[in-house]
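A.B. asks: My questions will all concern the structure given below.
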Amino acid sequence: MTDDKQTIALGLRRRDPDVLDQLIEQYQQRLYRYLLFLTGNPALAEDFFQETWVRILERGEQYNAKSKFESWLFAIARNLVIDASRRKKFASLEDFADPETQQPFEPPDLHATSALQLLLSRENQQAVQISLLRIPAYYREVLVLRFHEELGLEEIAAVLAAPISTVKSRLYRGLAALKSVLTEGAA
Amino acid sequence: MNEDLHQRAQRLLAESLVEGIAASDQAWLGQHLRGCADCAREAAATQEALQALRGVPVTVPRDLVARTQLRVRLRAQEAGESSRSGMLLWVITAASWLLGVLSAPLVWRGFAWFGGHFGVPRLALEMGFVLWWTVPALVAAAAVLYQRGVAQGFAGQRSQRDSKAPH
């Protein structure tokens with residue numbers, strides 16, 4: 001594992017396109033899923049996917065091989081999403097939630113039937129899965145990192161640049177929110 | 001059954017998923033769930049919720065990987081070219097400085113001969129000598145600044161283009 005990290009770090013320092021090609025291939029599913037859960041929008045997730053790898057190329061020398069590569073990858077992707085949300089006048093992921101209604105932020109093209117909803121509706125569990133979009137982005141994010149990516153609490157804290165106590169509290173609230181929307185969806 | 005026991009079971013259920021619990025707590029929770037239908041239902045609901053989360057089908061769009069790989073390769077190529085031209089500039093600057101140092105005594109002799117032959121004041125000779133040294137460095141610095149300005153201009157244009165791009 002350490003050797004893998006060292007190889008990746010070396011390849012990134014050299015800006016080796018073959019190493020980057022391999023990483024893009026290897027982490028495509030995980031990164032895209034994280035971005036999709038974070039943004040709730042496939043088009044945005046695609047844009048951020050590409051931007052993330054360009055950023056990895058440009059800042060590759062900053063990866064020190066001490067932490068897992070995926071933690072660093074997700075942190076970079078997350079920062080890009082936050083930067084973009086700031087440019088659009090959202091101060092942070094917390095502000096993805098509408099302050100008036102406390103409903104999760106939905107990009108304009110999600111007001112009708114979103115592409116993600118369409119994508120999900122093709123599956124049998126459509127009602128359950130669409131209801132996941134009602135969970136605020138900052139809960140969806142920790143839930144996917146913990147239960148999909150199976151990152152540890154410290155690793156999630158590194159991705160979020162937040163204390164472990166914040167990660168725990170978001171996970172507890174996220175789990176409660178998940179159960180709540182699924183119960184409502186089933187009702 | 002005591003209400004506190006149910007609360008403890010709920011707390012341990014959540015804790016076991018988020019941060020893990022001790023083996024003794026795990027054993028207690030298992031025993032409680034076997035005897036309490038409500039808490040067992042709650043535990044099952046939590047597991048179903050997590051299964052639903054894990055079961056969300058996510059398919060990476062076709063050719064996204066190929067498009068990203070191409071974009072990254074082009075960017076790497078662009079960065080490589082910029083780095084090579086920067087390196088060339090530094091090599092030229094260093095060579096120019098070295099030649100300046102090595103040729104300084106000869107140049108000063110030339111200046112002295114010129115001054116003696118045409119009767120130029122010593123102060124003018126010294127200023128000329130200083131300029132002989134500083135002008136190449138100033139030209140090199142101007143070239144570096146110009147190159148950075150051009151690069152930032154391109155980056156700015158690209159960032160504006162990106163922000164205008166439809167999502």
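A.B. asks: Is it true that B:ARG84 is within 14 Å of chain A (Cβ to nearest Cβ), farther than 30 Å from B:LEU12 by Cβ, within 24 Å of the chain's Cα centre (by Cα) and surrounded by 13 or more Cβ atoms within 10 Å (Cβ to Cβ)? Walk me through how you get there before you give the answer.
C.D. replies: On the way: within 14 Å of chain A (Cβ to nearest Cβ): yes; farther than 30 Å from B:LEU12 by Cβ: yes; within 24 Å of the chain's Cα centre (by Cα): yes; surrounded by 13 or more Cβ atoms within 10 Å (Cβ to Cβ): no.
Answer is no for this residue.
A.B. asks: Here's something else I'd like to know. I'd like the full set of residues that are outside any helix (DSSP H, G or I) and either among the aromatic types (Phe, Trp, Tyr) or away from chain A (no Cβ under 14 Å) (or both), limited to the range B:9-26.
C.D. replies: At the first step, the residues of the range B:9-26 found to be outside any helix (DSSP H, G or I) are B:19-22.
Matches in the range B:9-26: B:ALA22 only.
A.B. asks: Considering only the range B:27-73, how many residues are more than 7 Å from every other protein chain (Cβ to nearest Cβ) and either polar (S, T, N, Q) or touching a Phe, Trp or Tyr at 6+ places or on another chain (Cβ under 9 Å) (or both)?
C.D. replies: Residues in the range B:27-73 being more than 7 Å from every other protein chain (Cβ to nearest Cβ) and either polar (S, T, N, Q) or touching a Phe, Trp or Tyr at 6+ places or on another chain (Cβ under 9 Å) (or both): 4 in total.
A.B. asks: Output the residues belonging to the range A:128-187 that are of a type in the set (Val, Ile, Thr) and either away from chain B (no Cβ under 12 Å) or within 23 Å of B:PRO57 (Cβ to Cβ) (or both).
C.D. replies: Let us first name the residues in the range A:128-187 that are of a type in the set (Val, Ile, Thr), namely A:128, A:130, A:135, A:142, A:144, A:156, A:159, A:164, A:166-167, A:181, A:183.
The answer is A:VAL128, A:ILE130, A:ILE135, A:VAL142, A:VAL144, A:VAL159, A:THR166, A:VAL181, A:THR183.
A.B. asks: Checking the condition in a helix (DSSP H, G or I), among the basic types (Lys, Arg) and either modelled with pLDDT under 85 or under 30 Å from A:LEU44 (Cα atoms) (or both), which residue from B:ARG109, B:ARG71 passes?
C.D. replies: The conditions single out B:ARG71.
A.B. asks: Further question on the same structure: Let me confirm something: among A:ASN41, A:ASN64, which residue is within 9 Å of chain B (Cβ to nearest Cβ) and in contact (Cβ under 8 Å) with a residue 24 or more places away in the chain?
C.D. replies: Numbers: A:ASN64 fails: within 9 Å of chain B (Cβ to nearest Cβ).
Exactly one of A:ASN41, A:ASN64 is within 9 Å of chain B (Cβ to nearest Cβ) and in contact (Cβ under 8 Å) with a residue 24 or more places away in the chain, namely A:ASN41.
Conditions (1) touching a Leu at 6+ places or on another chain (Cβ under 6 Å); (2) closer than 22 Å to A:ALA137 by Cβ; (3) surrounded by fewer than 21 Cβ atoms within 10 Å (Cβ to Cβ), marked per residue:
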{"residue": "A:GLY40", "(1), (2), (3)": "yes, yes, no"}
{"residue": "A:GLU51", "(1), (2), (3)": "yes, yes, yes"}
{"residue": "A:GLN62", "(1), (2), (3)": "no, no, yes"}
{"residue": "A:LYS66", "(1), (2), (3)": "no, no, yes"}
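For every residue, the table says whether it meets (1) touching a residue at least 12 places away in the same chain (Cβ under 8 Å); (2) out of contact with any helix residue (DSSP H, G or I) (no Cβ under 6 Å at 6 or more places or on another chain).
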residue	(1), (2)
B:ARG41	no, yes
B:ALA52	no, no
B:VAL56	no, no
B:GLU81	no, yes
B:TRP97	yes, yes
B:PHE114	no, yes
B:LEU138	no, yes
B:ALA143	yes, yes
B:TYR146	no, yes
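The values are calculated or read from the model by the stated rules, or taken from the named source; none is laboratory data. Source: prediction; values computed, not measured. Backbone-built Cβ (ideal geometry, glycine too); neighbour counts: all protein chains shown.
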